[in-house]
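Following: one structure in structure tokens, then a few remarks.
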Amino acid sequence: MLKLGRAQGVAMAAALSRGIPVVEYSPKKVKQSITGNGNASKEQVAGMLKSLFEFKEVPKLLDATDGLAVAVCHFFQNKKEGADDQKFSGWKAFIDANPGRKVN
């Protein structure tokens with residue numbers, strides 16, 4: 001734990017010394033962002049990322065999916081409001097605005 005804290009401190013200091021912003025997310029926030037459940041297991045997070053990115057298989061060691069989950073969480077948290085972020089009053093309004101997305 002101590003070594004990890006030191007490594008984290010060095011990485012943050014290096015980024016800040018170069019003017020790179022540092023953002024931290026709690027594990028619960030990352031899990032909530034990816035799976036919708038802040039208490040999800042690492043395997044559930046990996047499974048959702050597999051589905052989202054269409055991986056053929058989940059890596060045996062989940063450190064890679066943990067890192068990807070943080071990156072995806074950061075993207076979701078900083079996504080700019082735009083054309084794809086329309087608000088709809090219900091499913092009918094969504095389907096009316098997106099007829100090509102309806103599956104028969």
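Structural remarks
- The set of residues in segment 19-37 that are surrounded by 12 or more Cβ atoms within 10 Å (Cβ to Cβ) and touching a residue at least 24 places away in the same chain (Cβ under 8 Å) comprises Tyr25, Lys29, Val30, Lys31, Ser33, Ile34.
- Taking segment 38-60 as the range and being hydroxyl-bearing (Ser, Thr, Tyr) and surrounded by 11 or more Cβ atoms within 10 Å (Cβ to Cβ) as the test, only Ser41 passes.
- Meets criteria (hydrophobic (A, V, I, L, M, F, W, C), exposed (fewer than 12 other Cβ atoms within 10 Å of the Cβ) and either at pLDDT 90 or above or in a helix (DSSP H, G or I) (or both)) for Leu4: yes
- Condition met for Glu57 (free of Cβ contacts under 8 Å to residues at least 40 places away in the same chain, part of a helix (DSSP H, G or I) and either more than 25 Å from Arg101 (Cβ to Cβ) or under 11 Å from the mean Cα position of the chain (by Cα) (or both)): no
The values are calculated or read from the model by the stated rules, or taken from the named source; none is laboratory data. None of the values given here were measured: they were computed from a predicted structure. No Cβ is skipped: glycine too gets one built from the backbone with ideal geometry, and neighbour counts run over all protein chains shown.
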